[in-house]
Structure formats: C-alpha cells, structure tokens
1. Taking a probe of 1.4 angstrom, what is the accessible area of L421 in Å², to the nearest 10?
2. Provide the solvent-accessible area of R102, counting protein heavy atoms only and rolling a 1.4 Å probe, rounded to the nearest 10 Å².
3. Compute the FRET efficiency between L140 and L179 as 1/(1 + (r/R0)^6), taking r as their Cβ-Cβ distance and R0 = 30 Å, and round to the nearest 0.05.
4. Give me the percent relative contact order of region 103-201, please, defined on Cα pairs under 8 angstrom at least 6 residues apart.
5. On a C-alpha basis, how far is the centre of region 113-143 from the centre of region 191-217 in Å? Whole number, if you could?
6. How far is it, in nm, from the label point at H56 to the one at K243 when both lie 7 Å from their Cα along the line to the Cβ?
7. In the neighborhood of T34, defined by Cβ-to-Cβ distances under 15 Å, what is the net charge if each Lys or Arg adds +1 and each Asp or Glu adds -1?
8. Length gain on complete extension for the stretch V294 to L380, per 0.36 nm per residue less the alpha carbon to alpha carbon distance?
Amino acid sequence: MSKTVQAEGALETRGIEQVPDAERTGRTRELFPTWVGANISVLLLTMGASLVVAYHLSFWQAVVCAVAAPVVSYGLVGLIGIAGKRGGAPGMALSRAVFGQRGNLLPGALIWVARWGWETINAVTGAYALLTVLDIVFGLKANSVLDIVMLLAFVVATFAISGLGINAVQKCNQYATYLFGLFSVLVLVYLIVDTDWSNVFSRPAGSTAAVITGIGMIAAGGVSWIPTAPDFTRYLPRTASSKAIVGHSVGGAGIVVLPMVLMGTVMAVSTPDLASASDPVSFLGEILPTWIAVPYLLIALIGMLLINAMSMYSAGFTAQTLGFRIPRHWAVSVNAVISLGFGGVLMLVATSFMGSFIAFLSLLAVAFSAWVGVFGADMLRRTEYDGRAMADTTRTSAYWYTGGFSPAAVAAWAIGLVAGLMFTTSDWFTGPLAHNNVIGEYGLGWVATIVISGVLYLVLPKPAVVAPSSPADADAAGASAAGSAARPESVRA
C-alpha cells in the first residue's frame, strides 16, 4: 500500500491523480481479500436458489455455473486491473486516455448512475439484515420508521469506511475473509447434518441453455466490478505480476461465489420459496436455526457494508472525473445520499425484491460492458498512461483528441451499448432481438455488448497512442490535480 497513505493515517487524501512510482508499494496478494469482501452477499444464495427453482438445474450443473461465472467475470476484472498498475490511477481517470476528456463523461455518467442502483440494492439488503437481527435477538418487529432508521445506519457506516479510503477498505476486507471462513464452516456443518442429500442429487438435469443462462446471471454481478478494478491496483508497482493480479482476483471471488451459490442451491431443494422471497434476508433468518441464523446475518451485514464501501470508494473517483471539484471523501457522500433516498423507496414501495434485483442486474451489466469492451480493446495497444494528460481537462491535454472526444471510442461504446440492450431481456425491459437468437435467449446481452464494442473499436481509425510525460512532469501534474479537486475549475471548450 502507498507509503504516503500510511504516513497520513487512516484517511486517504489522494484523488484521481496518478500515483507516483515511489509510492506504489502495494502487493498483488492484497487483491485476494479485496475480492473476497466484494462477494460476501446474501444475494448469491438467492441466485443459487434460482438455479434450482427457476432454471431447473441439477446440483452438478449448479456447480458448473458457480465455477464458470467467477472465472469469466473476475478474469475480466483481473485483466482490466492490469491497467491500474500500468497507469497508477483509477479506472475512470485512465478512461480519459481512451475516450477523450469530454468523451469520457458519457460512459462515466452512465457507470456512475448504474452504481446508484447497485449501492441501493446493497444498502437495502444490509438494512434487512439489521432488521432481522433485531427481530431474532430483541423481538423488535419491522415497521416503516425502523426500516428507514436501519437503512440510515447502514449507509452512514458505509460512508465512514469508504470515506476513509483504501487502507480502511482493505483492512476490513482482511477481517471479513476470516469471518467468512468461520461462517462457511458453520453452514457446512448444518447442511451436512440437515440436508436430504438423496433429494439434492436425484434432481434431473436442466437444459444446456439454462446452464448458460445461470452462468450469465451470476457473472453479471462480477461484471459490475470491472470498471473499478484499476482503483484497487493503482498502488501496485509497474513490475507487479499481471498473472498474479488475475489469479488473486479470480481466486478471491471464486472462494466466496462457489460455496455461497451451492449453499443456496442446496437450501432451495427443501425451501424453494428462497428463490422468490421479497425479503431474502429475513426469509433465511426464519428457515435457519438461531445458532446459525444470527452469525450468518452478521456476516451478511458485514459483507454488504464492504461491498457498498468498495462501490462508493470507486464512485467517489467517478464523481471527480465527471467534474465534482471536491476531495474524494466528500465525493463519496454524494452516492451515500442517493443510495439512502432510493433505498427508502425500494424498502417501502417495491413488492418483489429479487425480481427487482435480477431485472436491474441484467441492465446494469450491459451499462458496464460497453465501457469494458472499448477499454479492454484499447489495452491491447496501450501499455502506459500519461498522468499529465489525464489531469489536464482543457484543450491543451494530449487526450483532448477531436473537440475533447475520441470518435472511435465513443462510437464503439454507443453502438455496443445499443446493440447489447437489443439482446437483453428483463422484467423491466426486453430488447427486440432478445427472443430470436441464442444470445438473447441465454441472457448474455452483456457478452454481446463487450464483443461488439470491442471489435468496433479495434477496426475503427483511432488517435495515435500518446507517449507518457517524464516522471517528474507526471508527478507535478498529479500534485496539481490533487489541489484542483478541492476548488472550482471551468473546462474550456
């Protein structure tokens, strides 16, 4: 981790500016607990239950989904994370080199808005965990007032962790990794003793199409982390192993996704209502014995806190790249307020939590994937990023291109986004091509988005790759960007 961050204490003050090489002392193994913490979610249990109830898969087909999904999605997380060690900056800051200073505002704004929904879902799930613990331990029944109070408590705790910065996030993730290991042992003991395994293994196999759909559904959650991957690798030295970055990303996610999805699959054999519960957290509190329910809910609460903290941490950088000239920890507060507002609406109005989550997840994956396709294709030709050009948001920037836009990147992103939506189906939206082809039927609109946007970017004429400034110039630009983040600044046309 950065010596500067450690020297300044718990609060990270660095924003979107490039981290100087001298301060990039992180280690790739720190990524393992990072992606463990990013996946400790009760929603994986409900998705595992959906594999049995909605897609009619056998246990071994569920194993295939639970293994393949994190390999695909977090393999991409690791690959895009390599850009962080190359450029020493958050993902949406590095994105300026690809889309142009103004062009980057388009995918940046969409990704920022998509983060609102992801953080809202997590905040509501965390609030449900708090409410269920209060019910089990103290007998306090949920009501509208208590719902909002618990939601507020969760959002404030999330803001505190994410506001402190990378040190606080990674330290919490390390502790969460140990707690998750303990929780997994407890649940495993319960399931071994209580489950009718003959019923689990006797279920008939589903179709290959359903298996692919299940992989796509579970992987879509990991896809949402891809644009933020460089945020957690920017303190790694340039010499860090790219293979280790990918390996720790996949390993950290897989060690959580596999058991959580399979636990949900096994639970759903005897309690199929788990897959469609309007409040999956309290539902699990009812079907599990108290000795396992309370630890489970506390782990779920911690997991939701960490997931939202990581999301808000990255959202703060995105807000800064969109022009919010405020320190990173205050930029985080913008998303905290938004998730509080939307979370209150979801808890008080929504009738089907899981239905809303799956529908949102389908559209969210497409929103992130258009950026992933373009940025990933650009990484094939760009191995370094100019810190000075990233910090300069005026027409003098080497990343200004044509009127502030890279036409190839913006066009590939926009076309890929629209095409991906045409292949996407959900409760909220169904594209015109969603039922007439393999991709649409299998729920892989986000895959189509990545492929289409990436291929288009590769074939379109692009600006030449800008040679990075000298290290001294980059460090000076970084210092200038850090100061400008706290004061208003207009962007010249």
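1. Rounded to the nearest 10, that gives 50 Å².
2. 70
3. Values: r = 24 Å, r/R0 = 0.81.
Result of the calculation: an efficiency of 0.80.
4. Numbers: 26 pairs, mean separation 16.8, N = 99.
Value for region 103-201: 17 percent.
5. Cα centroid of region 113-143 versus Cα centroid of region 191-217: 28 Å apart.
6. Simple spin-label model gives 4.4 nm for this pair.
7. Numbers: positive: R27, R29, K85, K171, R234; negative: E12, E30, D231.
Taking every other residue near T34 into account, the sum is +2.
8. Computed gain between V294 and L380 is 26.2 nm.
The values are calculated or read from the model by the stated rules, or taken from the named source; none is laboratory data. From a predicted model like this one, the values you see are computed outputs, not experimental measurements. FYI the Cβ positions are ideal-geometry reconstructions off the backbone, even for glycines, and counts take in every protein chain you see. We work out accessible area using only protein heavy atoms, side chains counted, and drop any ligands, DNA or RNA first. Shrake-Rupley method; radii C 1.70, N 1.55, O 1.52, S 1.80 Å.
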